[in-house]
């Protein structure tokens, strides 16, 4: 069996399943769809098994196909790691790290933590993309990102939490808001009469708030849904609306005195956690290992709140 050829064929299998169809993989790779199909067929002949199934949802891996996908991911990660270790022995650590994160982590990440890392490792390039909690977890599971920063994710056996800290979900209002004058932790019932701006349900903050509201049988008046933090905070500044977020996500606005984070007296909201995650069992490239360790110690999100 030709090992190099097998890896070549595995590459086409991986791309087809990741893209969701043979046609989409061919378009991405700029080849004819027949090329992708033939390489997968040859691989199926090599292992004497069917590796993909076609359905209305597109191409999906069979059980054996999924095993080969996992092998290919591991091989690719180990190759990247070896290349980086060789470069490090020559005193020139290089690499590329992909980070997927919830929008609430952007301000914390892009301040001193990233500045310090870039100063120490100028030859490591970064790709940073924001997404909802569910999408970040998917990208980590599918090896589309090395590192994920997520708020209160649903436990997932394929994901390893490398750092975490309790970061309560607070009510965020503009300075001088009537709720600020209560002088005590809020109850969910306190916010029922106010307009609420929230992220879509795919975001951890909304999932958490929805859970707490159901437990307390409180109907929330969600007047604005947006995946844009900029839209959200402009909305809050213009009226007496409320949103919910961990305090670390609006650190700059808190310092400027534009917004206020009010604690909410509810066990579900006060026990929420921020997590730095990677795929369980993945051998991260050395550059990603260094960045993950640095962010765990440097980001406010992963330090325990007082």
**Message:** In 10 Å bins starting at zero, report the fraction of Cα pairs in region 218-288 per bin as a rounded %.
**Reply:** 14, 37, 28, 16, 6
**Fill in**
Across 10 Å bins beginning at 0, the whole-percent shares of Cα-Cα pair distances in region 7-90 come to 18, 45, 24, 10, 2, 0
**Item:** Distance between region 232-306 and region 175-228 - C-alpha centres, whole angstrom
**Value:** 17 Å
**Asked** According to the Kirkwood expression over distinct Cα-Cα pairs, how big is the hydrodynamic radius of region 169-271, in Å?
**Response** 13.5 Å
**Item:** Peptides ranked, highest mean first, by Cβ atoms within 10 Å: ranges 39-52, 12-25, 212-225, 103-116
**Value:** 12-25, 103-116, 39-52, 212-225
**Request:** Return the calculated 222 nm mean residue ellipticity for the chain, to the nearest 500 deg cm²/dmol, obtained by summing -39500 (n - 2.57) across DSSP H runs with n ≥ 4 and dividing by the residue count.
**Result:** -13500 deg cm²/dmol
**Item:** Expected-Rg normalisation [2.2 N^0.38 Å, Cα atoms] applied to region 65-200
**Value:** 1.42
**Request:** Please report 170, 141 as a ranked list, fewest other C-beta atoms within 10 angstrom at the top and most at the bottom.
**Result:** 141, 170
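More than 34 Å apart: what percent of Cα pairs in the chain qualify?
35 percent
Values in this text are rule-based calculations from the coordinates and carry no lab data. This structure is a prediction, so every number in the text was calculated from the model and none was measured. All Cβ positions, glycine included, derive from the backbone under ideal geometry; neighbour counts span all protein chains shown.
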